[in-house]
Amino acid sequence: MSGAEKEEEFNRWYNEVHIPEVMKVPGWTRASRFVNMEPSEKYARYLTIWELEEDAWRNFREHVKKQKAGEIPDFTWDRSSK
């Protein structure tokens, strides 16, 4: 799989699986995703800003537990091939 195909697969997972799953966490109200058109080792290609109600981040622990248990799909890829 080429780098472009991997990135497309990642974006599909992020937009169609990850964001909707995180938005199920009580108090998480919005996700805004941005693309850096000039990424580097210092600056990532993507940035997501999550908006949430006060103290809602505490609810995220349950989400992480579900993800680690395999109840929520996670995305992994070999970054060495970038």
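The values are calculated or read from the model by the stated rules, or taken from the named source; none is laboratory data. Fair warning: this is a prediction, and the values are worked out from it, not measured in the lab. Cβ: placed from backbone, ideal geometry, glycine included. Neighbour counts: every protein chain shown.
Remarks
- Identity of the residue in the stretch 20-60, among the β-branched types (Val, Ile, Thr) and assigned to a strand (DSSP E or B), that ends up nearest to GLU8 (Cα to Cα): VAL35
- Any chance GLU41 is of a type in the set (Asp, Glu) and within 13 Å of the chain's Cα centre (by Cα): no
- Among residues of the stretch 47-65, those that are exposed (fewer than 12 other Cβ atoms within 10 Å of the Cβ), under 12 Å from VAL22 (Cβ atoms) and at pLDDT below 85, counted: 2
- The stretch 61-72 residues that are assigned to a loop (DSSP other than H, G, I, E, B), paired with ones that are at pLDDT 85 or above and surrounded by 10 or more Cβ atoms within 10 Å (Cβ to Cβ) (beta carbon under 8 Å, 6 or more apart): ILE72/GLU21
- When every residue of the stretch 1-17 is checked against the conditions, at least one turns out to be more than 15 Å from the chain's Cα centre (by Cα), in contact (Cβ under 8 Å) with a residue 40 or more places away in the chain and either over 26 Å from LYS66 (Cα atoms) or assigned to a strand (DSSP E or B) (or both).
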